[in-house]
Amino acid sequence: MAITPPSERIWWKEPVQKVEIVWVIVAFLWGLTMFFTMIWWHGFGQQNLSNEAYRIQPFQYAEKVDKMIAEHTVRQEGAFPVVKPPPGSDVYMIARLWKCWPILQLEKDQTYRLHLSSMDYNHGFSLQPANINIQIVPGYEHVVTVTPNQSGTYALVCNEYCGINHHTMASNIYVK
Ligand code: CUA
């Protein structure tokens with residue numbers, strides 16, 4: 001609150017100061033720099049996976065997963081089939097309340113097309129320790145091309161809150 005009225009009645013109609021123009025230009029150029037860095041880093045930083053997404057009905061997706069499980073299951077782990085699909089093939093995983101289905105076993109240095117979809121709600125695909133994070137959305141089939149380059153047991157956790165047993169939604173991917 002001003003006690004006295006401004007000396008200039010039209011106080012806001014000033015020419016823009018040089019320093020303000022300079023800062024607007026600096027901020028704009030920095031924004032552009034970050035934008036192009038993002039694109040460059042996608043290609044050369046090998047951090048963010050290229051991700052394709054296709055619309056699909058949950059039951060259609062489940063049919064493809066069941067087919068892979070029927071053809072390539074190598075053993076059971078409790079109630080979970082462990083599936084070892086041929087190198088270079090399409091591999092499928094379902095996220096649903098509250099499990100990732102089935103368990104995949106992949107070969108080191110082989111490239112796979114990994115498909116992900118949800119049967120019900122949003123789930124997360126967080127692969128540790130590789131720190132790969134993908135959101136799994138029902139109605140969409142996400143496809144990422146992966147080449148596991150280290151053997152071992154990878155941990156898979158759901159990192160989208162999906163209900164009362166969200167914390168139990170964890171699994172493994174084996175790479176040998
Ligand atoms: Cu699925 Cu949290």
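The numbers here are math on the coordinates, done by the rules we state, and not lab data. Owing to the predicted nature of the structure, the values given are computational and were not obtained by experimental measurement. Using ideal geometry, Cβ is built from the backbone for each residue, glycine included, and neighbour counts are taken over all protein chains shown.
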Cβ charges +1 (Lys, Arg) and -1 (Asp, Glu), total dipole of the range 2-99, debye:
140
For the range 68-176, the dipole about the Cα centre with charges only on Cβ (Lys and Arg +1, Asp and Glu -1), to the nearest 20 debye, works out at 200
Ranked output for segments 120-128, 150-158 by mean other Cβ atoms within 10 Å, highest leading, reads 120-128, 150-158
Using a Gaussian network model of the chain whose springs link C-alpha atoms within less than 10 Å, name the residue from LYS99, LYS108, LYS18 with the highest mean-square fluctuation.
LYS18
Three-way shape call for the range 60-146 based on the alpha-carbon gyration tensor, with the a/c threshold at 1.5
rounded
Angle in degrees between helix 58-72 and the longest Cα principal axis of the chain, rounded to the nearest 10
40
Restricting things to Cα coordinates, could you compute the convex hull volume per residue of the range 1-68 in Å³?
262
Do you know the relative contact order of the chain, to the nearest whole percent, from alpha carbon pairs under 8 angstrom that are 6+ apart?
20
Which value results when the Cα radius of gyration for the chain is divided by 2.2 N^0.38 Å?
1.59
Order these peptides, 134-140, 21-27, 9-15, by their mean beta-carbon neighbour count within 10 angstrom, highest first.
134-140, 21-27, 9-15
Efficiency of FRET between THR37 and THR4 - r from beta-carbon atoms, R0 35 angstrom, step 0.05:
0.10
Helix 18-44 vs. the chain, principal-axis angle (Cα, 0 to 90°, nearest 10)
10
